[in-house]
Amino acid sequence: MTGDTPLTRPVGHPLPAGGERDGVEAIGHPLPASGQRDGVEAIGHPLPASGQRDGVEAIGHPLPAGGESDGVEAIGHPLPAGGERDGVRGRPELAALDDATLALALRRMHLIRLFEETAEQSYMRGLVHGTMHLSIGQEASAVGATLHLRADDYILSTHRGHGHCIGKGADVARMLAEFFGKETGYCRGRGGSMHIADVDTGNLGANGIVAGGLPIAVGVGMSIKAQRQARVCMVFFGDGATNEGAFHESLNLASIWALPIVFVCENNQYGMSMDIANAMAVPHVADRAAAYAMPGITVDGNDLPAVAATAREAIERAREGRGPSLLECKTYRWRGHSKSDRNLYRTKEEIEAWKGRDPITRLEAEVAAQGRLAPEALTQIRAVTQKEIEDALAFAKASPAPDVADLTRDVYAP
């Protein structure tokens with residue numbers, strides 16, 4: 001396998017059937033004769049009695065090319081033929097979410113999709129100036145990651161952060177007003193698409209600088225720890241940010257000081273036009289967590305229950321004082337990097353293939369098949385979110401523009 005040597009392998013590559021390569025664990029330490037050490041796999045996860053986990057390592061199992069698991073749970077355990085385990089309908093990740101939570105998740109995913117489609121249409125009509133970075137197709141990542149955060153937890157977002165805002169409970173009317181540069185927007189029309197902040201819901205702001213939110217998250221984590229609070233800070237970033245020095249510095253310091261941070265990489269395959277496969281030597285961003293002694297988990301970012309389950313573990317770990325985690329959500333943006341992107345670096349066939357794995361219709365189909373939400377409930381969710389977006393657009397259009405006399409009101413300078 002590419003990257004292997006006779007003695008070691010990159011973290012996250014499947015081991016041969018024997019669980020070792022030339023009698024050596026993944027990190028290069030000789031294995032005892034039994035092929036394991038004290039009942040623990042080479043990467044430190046307890047093994048079941050059988051000495052293996054359904055033939056799959058505990059972490060680092062690559063997703064298939066299609067980006068989904070084909071009947072395999074998000075953490076790599078094959079489901080029984082009936083799609084249930086221990087008498088629970090559906091996989092455990094879905095069963096862990098009650099009907100109200102599933103309805104909330106679907107509502108937020110629809111809200112993100114409709115919000116961004118409306119923002120895009122407004123831009124095309126000249127109602128929104130500047131550019132915008134849309135996350136259409138990535139809704140499960142934003143909603144799943146934030147689903148189990150508390151109201152007093154914090155998030156830090158990116159230039160592609162509308163979904164994070166909505167996932168944390170933002171008012172879409174004030175968001176659209178911000179897009180329109182209106183006084184009623186979250187930043188009184190001064191921030192626009194890339195700089196929305198909502199302190200009341202714990203959203204400390206989006207950042208137009210690649211990897212710019214990561215060092216800020218370290219500072220937030222230090223503040224939480226110094227005040228002995230039980231809060232968590234979740235910071236989002238894209239795959240392009242993981243080659244910035246700020247990424248490595250932030251993960252290193254967060255681990256040294258055991259800060260309550262969840263690092264969430266939304267790997268949508270491209271840093272602007274750069275295919276991540278051409279920019280990173282390891283196959284998964286999560287593999288890099290090993291260098292900083294924190295858990296690194298790669299999950300199908302279009303699978304909401306899987307994202308929510310994985311994020312929940314990381315959130316609980318951080319809240320309990322056990323330090324940070326790195327969660328990689330493999331997903332895909334249907335639109336270009338920004339509105340000026342002509343999409344010359346990828347094919348229409350690739351885009352259409354990912355549209356076929358739409359995270360919203362995928363979740364709707366699963367909850368309907370398992371009898372969790374009735375068709376009428378799904379229709380109602382779509383209707384309610386459509387009305388909310390229509391009202392938000394009317395609010396944004398009717399809101400007043402900032403007064404020129406207040407131009408320097410929020411400028412903090414001598």
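The values are calculated or read from the model by the stated rules, or taken from the named source; none is laboratory data. These numbers come from a predicted model, not from an experiment. Cβ coordinates were reconstructed from backbone atoms using ideal geometry, including for glycine residues, and neighbour counts include every protein chain displayed. In case anyone asks, the SASA skips ligands and DNA or RNA and just uses the protein heavy atoms, side chains included. Shrake-Rupley method; radii C 1.70, N 1.55, O 1.52, S 1.80 Å.
Does at least one position in segment 276-299 carry a residue that is touching a Pro at 6+ places or on another chain (Cβ under 9 Å), of a type in the set (D, E) and modelled with pLDDT of 95 or more? Before you say what the answer is, go through the steps one by one.
Step one: of segment 276-299, the residues touching a Pro at 6+ places or on another chain (Cβ under 9 Å) are 277, 281-284, 286-287, 289, 292, 294-295, 298.
From what's left, of a type in the set (D, E): 287.
Filter once more, keeping what is modelled with pLDDT of 95 or more: 287.
Among the residues of segment 276-299, at least one is touching a Pro at 6+ places or on another chain (Cβ under 9 Å), of a type in the set (D, E) and modelled with pLDDT of 95 or more, which makes the answer yes.
Only one of the listed residues (A206, A226, A177, A230) is among the hydrophobic types (A, V, I, L, M, F, W, C) and modelled with pLDDT under 95. That residue is A206. Put simply, of A293, A226 the only residue that is open to solvent by 30 Å² or more (accessible area, probe 1.4 Å) and either without any contact (Cβ under 8 Å) to a residue 12 or more places away in the chain or under 16 Å from the mean Cα position of the chain (by Cα) (or both) is A226. Here is a check on your reading of the model: is G221 outside any loop (DSSP other than H, G, I, E, B) and surrounded by 20 or more Cβ atoms within 10 Å (Cβ to Cβ)? Considered against the rule, which asks whether it is outside any loop (DSSP other than H, G, I, E, B) and surrounded by 20 or more Cβ atoms within 10 Å (Cβ to Cβ), G221 comes out as yes.
Scan segment 360-377 and give yes if some residue there is of a type in the set (A, V, I, L, M, F, W, C) and in contact with a Ser or Thr (Cβ under 8 Å, 6 or more places away or on another chain), otherwise no. Can you show your working first?
The initial filter retains those residues of segment 360-377 that are of a type in the set (A, V, I, L, M, F, W, C), namely 360, 363, 365, 367-369, 373-374, 377.
Checking which are in contact with a Ser or Thr (Cβ under 8 Å, 6 or more places away or on another chain) leaves us with none.
No, there is no match, as no residue in segment 360-377 is of a type in the set (A, V, I, L, M, F, W, C) and in contact with a Ser or Thr (Cβ under 8 Å, 6 or more places away or on another chain).
Among residues of segment 375-388 that are under 10 Å from R107 (Cα atoms), those with a Cβ under 8 angstrom from a residue that is acidic (D, E), sequence gap 6+ or separate chain, pair up as L378/E364. The residues in segment 357-402 that are within 17 Å of N268 (Cβ to Cβ) and either touching a helix residue (DSSP H, G or I) at 6+ places or on another chain (Cβ under 7 Å) or modelled with pLDDT under 95 (or both) can be counted, and the count is 2. Selection of first residues in segment 142-169 that are assigned to a helix (DSSP H, G or I) and of second residues that are among the polar types (S, T, N, Q) and at pLDDT below 95, restricted to Cβ pairs under 8 Å at least 6 apart or on distinct chains, gives the following pairs, ordered by first then second residue: A142/S135; H162/S135; H162/S193; G163/S135. With a requirement of 3 or more residues that are open to solvent by less than 10 Å² (accessible area, probe 1.4 Å), the helices (runs of 4 or more DSSP H) lying completely within segment 298-414 that satisfy it span 304-319, 359-369, 375-398. Every listed requirement among (1) open to solvent by 30 Å² or more (accessible area, probe 1.4 Å); (2) at pLDDT below 95 is met by D152 save one, (2). Assessment of segment 238-260 against the conditions (assigned to a strand (DSSP E or B), more than 24 Å from D152 (Cβ to Cβ) and not acidic (D, E)) yields at least one matching residue.
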